[in-house]
Amino acid sequence: MSDVMETMTPQQLAEACAKAMWNDDNATQKLGMRLERIAPGEAVLSMTVSEAMTNGHGNAHGGYIFTLADSAFAFACNTYNQVTVAQHCSINYIAPGALGDRLTATAREVSRRGRSGIYDICITRQDGTVIAEFRGLSRTINGTLLPTAG
């Protein structure tokens, strides 16, 4: 590990990893998501439901809700400077989102052991109504987000 990373606090490392990921995350950026908060094993992202994100019932399309949750999951599990990917994800839709809703995905680490992690993501709309619950299982692979000395 580089001298710079050795002097970083866990919060500073999480922020640096999030910045590195954000710079290359076209999907998250192009959908208008905002990274509201980052901490070790945690992330909060938000997104406003646009007309292009509604389905034939006029509700927020489940795929966009899943994408918001998946992005929060990705940012949460990549806060340790180890490249980490999704191994399995599932979502339960609870209430519909609508055009103009501001959806927020709050990701928190449940468990992280060895190369595997479990993360729960709760998606709410602006009035606090829970829209969906997402669980992601992660797997750490080779590589780092930040350059290392060596």
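General remarks:
- Residue among Y64, Y80 that alone is surrounded by 15 or more Cβ atoms within 10 Å (Cβ to Cβ), aromatic (F, W, Y) and either in contact with an Asp or Glu (Cβ under 7 Å, 6 or more places away or on another chain) or in a loop (DSSP other than H, G, I, E, B) (or both): Y80
- Scan of region 91-113 for residues that are over 22 Å from M21 (Cα atoms) and either outside any strand (DSSP E or B) or touching a Leu at 6+ places or on another chain (Cβ under 9 Å) (or both), ordered by number: I94, A95, P96, G97, L99, G100, D101
- Residues of region 15-54 that are in a helix (DSSP H, G or I), farther than 10 Å from F75 by Cα and of a type in the set (K, R): K30 alone.
- All positions within region 59-70 that are in contact (Cβ under 8 Å) with a residue 12 or more places away in the chain and more than 12 Å from Y119 (Cα to Cα): N59, A60, G62, Y64, I65, F66, T67, L68
- Apart from one condition, T148 fits all of (1) touching a Leu at 6+ places or on another chain (Cβ under 7 Å); (2) at pLDDT below 95; the exception is (1).
- The one condition from (1) assigned to a strand (DSSP E or B); (2) farther than 22 Å from Q11 by Cβ that D70 does not meet is (1).
- Inter-residue pairs, beta-carbon under 8 Å, first at positive phi and in region 89-113, second part of a loop (DSSP other than H, G, I, E, B) and of a type in the set (A, V, I, L, M), 6+ apart: G100/V49
- Residue match in region 85-108 (condition: among the acidic types (D, E), farther than 18 Å from R139 by Cα and either at pLDDT 95 or above or buried (at least 17 other Cβ atoms within 10 Å of the Cβ) (or both)): yes
The values are calculated or read from the model by the stated rules, or taken from the named source; none is laboratory data. Note that the coordinates shown come from a computational prediction; the quantities given were computed from them, not determined experimentally. In this analysis, Cβ positions are derived from the backbone assuming ideal geometry, glycine residues included, and neighbour counts consider all displayed protein chains.
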